[in-house]
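Worksheet: the structure to be examined is printed underneath.
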Amino acid sequence: MEPRISLVTLGVADLARARRFYEEGLGWPVSSSSTESIVFFRAGGLIVSLYDLEVLAKDANLDRVKDARAFGGIALSHNVAERGGVDRLLEEARAAGAEVLKPAHDTFWGGYSGCFADPDGHVWEIAWNPHFTLAEDGSMRLPE
């Protein structure tokens, strides 16, 4: 697995409040890719997104109460350029000692992704997103 983080998702208790904080309070411009359920910001060569905390935990196949020690509301994402890269990297992570939390699957947003937890319980999503392209250096580009 190439050492790269494409996207950091922050699980938030109140999406509207969090959006106001980052957009109005800190002055971060919101990407036009944002929706009512997820907010995206460019942050240099990576993307920061805001997503409902309970939905984020469920999406990673975690019970937030039971797995509270391992899941602090942040998911690291590694995006790949091709759909097949998701399966390959999930297998590579499993072979290295990770626990696959959610096998690769077609997503509701039109991509393909799966999740694993590293040996300390940090959640990683491996994703192929046909709507976001990767530059040659691996950085992710949001649509304008």
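Please find, among GLY85, GLY44, the residue that is on the phi > 0 side of the Ramachandran plot and either of a type outside the set (A, V, I, L, M) or free of Cβ contacts under 8 Å to residues at least 12 places away in the same chain (or both).
On the way: GLY85 fails: on the phi > 0 side of the Ramachandran plot.
The match here is GLY44.
Determine the pairs where a residue that is within 17 Å of LEU142 (Cα to Cα), located within region 20-37, has a partner that is of a type in the set (Ser, Thr, Tyr) with Cβ atoms under 7 Å apart, the partner being 6 or more residues away or on another chain.
TRP28/TYR22
What is the one condition in (1) touching a residue at least 60 places away in the same chain (Cβ under 8 Å); (2) within 13 Å of the chain's Cα centre (by Cα) that GLU92 does not satisfy?
All conditions are met except number (2).
Which ones in region 124-144 are open to solvent by less than 80 Å² (accessible area, probe 1.4 Å) and either among the charged types (D, E, K, R) or more than 14 Å from ASN79 (Cα to Cα) (or both)? Lay out the reasoning, then the answer.
Kept after step one, since they are open to solvent by less than 80 Å² (accessible area, probe 1.4 Å), are these residues of region 124-144: 124-130, 132, 134-135, 138-140, 142-143.
The answer is GLU125, PRO143.
Taking region 110-125 only, how many residues are of a type in the set (Asp, Glu) and not in a strand (DSSP E or B)? Don't jump to the end; show me each part of the working.
Let us first name the residues in region 110-125 that are of a type in the set (Asp, Glu), namely 118, 120, 125.
From what's left, not in a strand (DSSP E or B): 118, 120.
Number satisfying all stated conditions: 2.
Of the residues that make up region 26-48, is at least one under 15 Å from ALA127 (Cα atoms), out of contact with any Lys or Arg (no Cβ under 7 Å at 6 or more places or on another chain) and open to solvent by 30 Å² or more (accessible area, probe 1.4 Å)?
There is at least one residue in region 26-48 that is under 15 Å from ALA127 (Cα atoms), out of contact with any Lys or Arg (no Cβ under 7 Å at 6 or more places or on another chain) and open to solvent by 30 Å² or more (accessible area, probe 1.4 Å).
Please tell me if ILE5 is open to solvent by 20 Å² or more (accessible area, probe 1.4 Å), touching a Gly at 6+ places or on another chain (Cβ under 7 Å) and in contact (Cβ under 8 Å) with a residue 60 or more places away in the chain.
On the way: open to solvent by 20 Å² or more (accessible area, probe 1.4 Å): yes; touching a Gly at 6+ places or on another chain (Cβ under 7 Å): no; in contact (Cβ under 8 Å) with a residue 60 or more places away in the chain: yes.
Criteria not met by ILE5.
Quick one: is ILE47 modelled with pLDDT under 85 and either under 17 Å from LEU7 (Cβ atoms) or touching a Cys at 6+ places or on another chain (Cβ under 6 Å) (or both)?
Values: modelled with pLDDT under 85: no; either under 17 Å from LEU7 (Cβ atoms) or touching a Cys at 6+ places or on another chain (Cβ under 6 Å) (or both): yes.
No.
Which of the residues belonging to region 68-109 are open to solvent by 30 Å² or more (accessible area, probe 1.4 Å), modelled with pLDDT of 90 or more and assigned to a loop (DSSP other than H, G, I, E, B)?
ALA81, GLU82, ARG83, PHE108, TRP109
Residues being touching a His at 6+ places or on another chain (Cβ under 9 Å) and modelled with pLDDT of 85 or more: count how many of those fall in region 110-144. Steps first, please.
Pass one, region 110-144, residues touching a His at 6+ places or on another chain (Cβ under 9 Å): 110-114, 124-127, 142-143.
After this cut, where a residue has to be modelled with pLDDT of 85 or more as well, the list is 110-114, 124-127.
Total satisfying the criteria: 9.
So which residues in region 126-141 are in a loop (DSSP other than H, G, I, E, B) and charged (D, E, K, R)? If you could, list the steps in order and put the result at the bottom.
Looking only at region 126-141, we keep the residues that are in a loop (DSSP other than H, G, I, E, B), and these are 129-132, 135-139.
Of everything in region 126-141, those that are in a loop (DSSP other than H, G, I, E, B) and charged (D, E, K, R) turn out to be GLU136, ASP137.
Output the residue which, of all residues in region 50-67 that are exposed (fewer than 14 other Cβ atoms within 10 Å of the Cβ) and under 17 Å from the mean Cα position of the chain (by Cα), is modelled with the highest pLDDT. Reasoning before the result, please.
Of region 50-67, the ones exposed (fewer than 14 other Cβ atoms within 10 Å of the Cβ) are 54-55, 58, 63, 65-66.
Then keep just the ones that are under 17 Å from the mean Cα position of the chain (by Cα); that gives 54-55, 58.
Working: GLU54: 86, VAL55: 90, LYS58: 86.
That would be VAL55.
The values are calculated or read from the model by the stated rules, or taken from the named source; none is laboratory data. Keep in mind the model is a prediction, meaning the values are calculated, not measured. Glycine also receives a Cβ, built like all others from the backbone with ideal geometry; neighbour counts cover every protein chain displayed. The accessibility values were calculated without ligands, DNA or RNA, using every heavy atom of the protein model including side chains. Shrake-Rupley method; radii C 1.70, N 1.55, O 1.52, S 1.80 Å.
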